[in-house]
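So the structure is just underneath, and the comments pick up after that.
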Amino acid sequence: MSQPSPGPRLEGRLPALIAAWRARQGTPRSPNISLPASQALSPGETKAAGRALLDLQRGLTGSRELPGSGYMEEKDLLGAYLLYYWPTSYLQVSLALAWLGRQAGGPLGLGRILDLGSGPGPATAALLDAGAREAVLLDSSSAALSLASELLAPAKVMTRVANLEAGLPPDLGAGFDLIIACHSLNELWKSSGEAQEKRLGLLKAASELLAPGGILLLVEPALLITSRDLLALRDGLLGPGSCLELLGPCTRQGPCPALAAGPGQTCHAEVAWDPPMPIAALAKEAGLDRSAIKTSWFAFARKNGDEARSSPGADPKKAFEALVVSEAMLNKAGRLRYLLCSEAGRLPLSARKDDAAARRQGFHNLGRYDLVRVRNPEARGDAQAPGWGLGEGSELTVLAKAPGLGGAFHAKG
């Protein structure tokens, strides 16, 4: 049976989020009571929550003094997270799962999961809604874990206060089908000059707890610094002797070309979103743009013995598969181009903006993290700035559109 798409699944959880927020503001309401749309936040509630949200947003993405500070122990900040960032994190994880489900050809066998730095449980909620049967949540905030238990009931979950900077608890057991770190890695060892090495060590230790074929899913904000740190962790996890192989969204197992492209380059997914209430009202109150879900994520699988996933070996001069990693760009010569990431590297693919064949093949409507196959591309650029073009005899096939928030994930053979 196919799963509902992420948008409707989230909207089914919003009444409980609103009720839990109200209870912490001194206006108790059972999280099990469904709230009709007319009982979204009142104007006064929206103003109060909007002020707290702006403080939270500035601390997380502006000055960044909040990550790693224990901010979830503060009632107002935890409440703002609950109404705004909880739904965003839920959707980010849901979109990554939809992408992986398309790769697997069906729902993922999630079974037992471990959530590292869970907060109040948005990632676990997305995993449970995608079929996970039981979960272990680790976080340093007892207030966040208490809220997670409330929101995830009656699912089979165990919460545990844990300082991940001190290492994983030794008695977690092994055989997890999926281990996730959602927006938690960037908050660990924030003031340490060895933060990346320590984060990598934690993830390597966590990967040893996976069942064969189990998935390690890492989700981080699409900020330049957090995204590039995640790209570096990706490469570190795929280093010599690794027990992991990359599942997605990359089409290549080799080093990330965005890292080598320069300090201003990164990679992230982006999906248009028309947020429901109260998220839309809170974004407007705080002056935030919430027209899209943006995130950086990678998924790895624990290898079965020495078996490793092979990369496509096609000659890129004749045919290659690639991931779209940019929005459409129009150059001065009147050519529309996208950046593609493939085994050949991170190179532009362009076509004339009035190219009827390219339009019929879907080139003009590509989006970030679409998968495409290109046959017989034209070589463009030079040795210093190479690229590909669509011309006479070239063919573009959209293998799969990235998942959206309201519809199915469409794939072509």
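No value in this document is a laboratory result; all are computed from the given coordinates. Note that the structure is a prediction, hence the values are computed from the model and not measured. As a convention, Cβ positions derive from the backbone with ideal geometry for all residues, glycine included, and neighbour counts pool all protein chains shown.
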Hey, fewest Cβ within 10 Å first, where do 159, 61 land in order?
-> 61, 159
Residue-wise, which Karplus ³J(HN,Hα) couplings in Hz belong to the stretch 88-99, taking 6.51 cos²θ - 1.76 cosθ + 1.60, θ = phi - 60°, and x for glycine or proline?
-> 5, 4, 4, 5, 4, 5, 4, 5, 5, 5, 5, 4
For the chain, modelled as a GNM with alpha-carbon contacts under 10 angstrom, which of 135, 49, 344 fluctuates the most?
-> 344
Spin-label point model (7 Å from Cα, Cβ direction): what's the residue 376 to residue 332 distance in nm?
-> 3.3
Could you tell me, in Å, what Rg and Dmax come out for the Cα atoms of the chain?
-> 21.7, 67
By count of other Cβ within 10 Å, fewest leading, how are 375, 380 ordered?
-> 375, 380
Using a Gaussian network model of the chain with C-alpha springs under 10 Å, which one of 263, 221, 170 is most mobile by mean-square fluctuation?
-> 170
Between residue 104 and residue 235, what is the label-to-label distance in nm when each label sits 7 Å out along the Cα-to-Cβ direction?
-> 3.0
Report ³J(HN,Hα) in whole Hz for each residue of the stretch 182-195, in order, from the Karplus equation J = 6.51 cos²θ - 1.76 cosθ + 1.60 where θ = phi - 60°; Gly and Pro get x.
-> 10, 6, 9, 4, 5, 8, 8, 6, 4, 8, 8, x, 10, 4
Compute the length gained on full extension between residue 260 and residue 163: take 0.36 nm times their separation in residues and subtract their Cα-Cα distance, giving the result in nm to one decimal.
-> 31.6 nm
Would you please give the residues with an amide H less than 5 Å from that of residue 159, counting only those at least 5 places away or on a separate chain, with H modeled from the backbone geometry?
-> 137
Name the residues whose placed amide hydrogens come within less than 5 Å of the amide hydrogen of residue 183, ignoring near sequence neighbours (fewer than 5 apart) on the same chain.
-> 219, 220
For residue 214, which sequence-distant residues (separation of 5 or more, or a different chain) have an amide H within less than 5 Å of its own amide H, given hydrogens modelled in the peptide plane?
-> 302
Roughly speaking, what is the stretch gain from residue 224 to residue 365, that is 0.36 nm per residue apart minus the C-alpha to C-alpha distance, in nm to one decimal?
-> 48.2 nm
Among 386, 54, 223 the positive-end extreme of the charge dipole of the chain (Cβ point charges) | 386
State the extension gain, in nm to one decimal, for the chain segment bounded by residue 208 and residue 274, taking 0.36 nm per residue of separation less the distance between their alpha-carbons.
-> 19.8 nm
Pop a pseudo-label 7 angstrom from the Cα along the beta-carbon direction at both residue 65 and residue 146 and give the gap in nm to one decimal.
-> 2.6
Read phi for every residue in the stretch 361-376 and hand back ³J(HN,Hα) as whole Hz from Karplus 6.51 cos²θ - 1.76 cosθ + 1.60, θ = phi - 60°, with x for Gly and Pro.
-> 7, x, 4, 6, 10, 6, x, 4, 6, 6, 9, 10, 10, 10, 10, 6
Evaluate the relative contact order of the chain (contact order divided by residue number), counting alpha-carbon pairs under 8 angstrom at least 6 apart; express in whole percent.
-> 13
GNM result for the chain, Cα springs below 10 Å: residue of 151, 138, 336 fluctuating most strongly = 336
